[in-house]
């Protein structure tokens, strides 16, 4: 696996990964919620973040991480590659670049909460609403450098 910086040509594939991963892991979201977030991810979030793309041995994008400073705003892995270490490698890559990493995790996504805890993140706070004001509680987590 290789990690490289985002290129505009990656956008469509990363949106595919996001969509598949959200449908596989964010079971608390309805299709209407997913369709609400889709243009935000595609048109606003991806272009605004410092994005790193994980490529498999064939050169195909298999996951990505998006950072704003030291905050991990997005981490999504193609469901076909879940459990293969891609997420861990992307988090470790971010930590090498930024040191201490923070992340907000949907409380209703226990798999993600467990994933981050396994990587050494600890809860440092909680919000009842997500960043768009929707009632999806967030656990604020941080991992020391």
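Considering only residues that are part of a helix (DSSP H, G or I) and in contact with a strand residue (DSSP E or B) (Cβ under 6 Å, 6 or more places away or on another chain), which ones fall in segment 4-30? Result: 10, 13, 14, 17, 18, 21. Residue count for segment 1-23 satisfying the condition of being surrounded by 15 or more Cβ atoms within 10 Å (Cβ to Cβ) and within 20 Å of residue 112 (Cα to Cα): 8. Only one of the numbered conditions (1) closer than 18 Å to residue 41 by Cα; (2) outside any strand (DSSP E or B) is violated by residue 65, and that is (2).
Could we say that residue 83 is surrounded by fewer than 18 Cβ atoms within 10 Å (Cβ to Cβ), over 26 Å from residue 9 (Cβ atoms) and free of Cβ contacts under 8 Å to residues at least 24 places away in the same chain here? Judged against the criteria, residue 83 is a match. Taking the conditions exactly as written (at pLDDT 95 or above and either more than 16 Å from residue 86 (Cα to Cα) or touching a helix residue (DSSP H, G or I) at 6+ places or on another chain (Cβ under 7 Å) (or both)), does residue 49 satisfy them or not? Taking the combined requirement at face value, the residue satisfies it. Number of residues in segment 113-141 that are modelled with pLDDT of 95 or more and surrounded by 18 or more Cβ atoms within 10 Å (Cβ to Cβ): the value is 6.
Of the residues in segment 57-79, at least one is touching a helix residue (DSSP H, G or I) at 6+ places or on another chain (Cβ under 6 Å) and surrounded by fewer than 15 Cβ atoms within 10 Å (Cβ to Cβ). Modelled with pLDDT of 95 or more, touching a strand residue (DSSP E or B) at 6+ places or on another chain (Cβ under 9 Å) and farther than 14 Å from residue 16 by Cα: does that describe residue 64? For residue 64, the condition - modelled with pLDDT of 95 or more, touching a strand residue (DSSP E or B) at 6+ places or on another chain (Cβ under 9 Å) and farther than 14 Å from residue 16 by Cα - is not met. Can residue 59 be described as closer than 16 Å to residue 13 by Cα and in a loop (DSSP other than H, G, I, E, B)? Here the answer is yes, as residue 59 does meet what is asked.
The values are calculated or read from the model by the stated rules, or taken from the named source; none is laboratory data. Since we're looking at a predicted model, the values are computed, not measured. Heads up, the Cβs are rebuilt from the backbone with ideal geometry, glycines too, and the neighbour counts pull from every protein chain shown.
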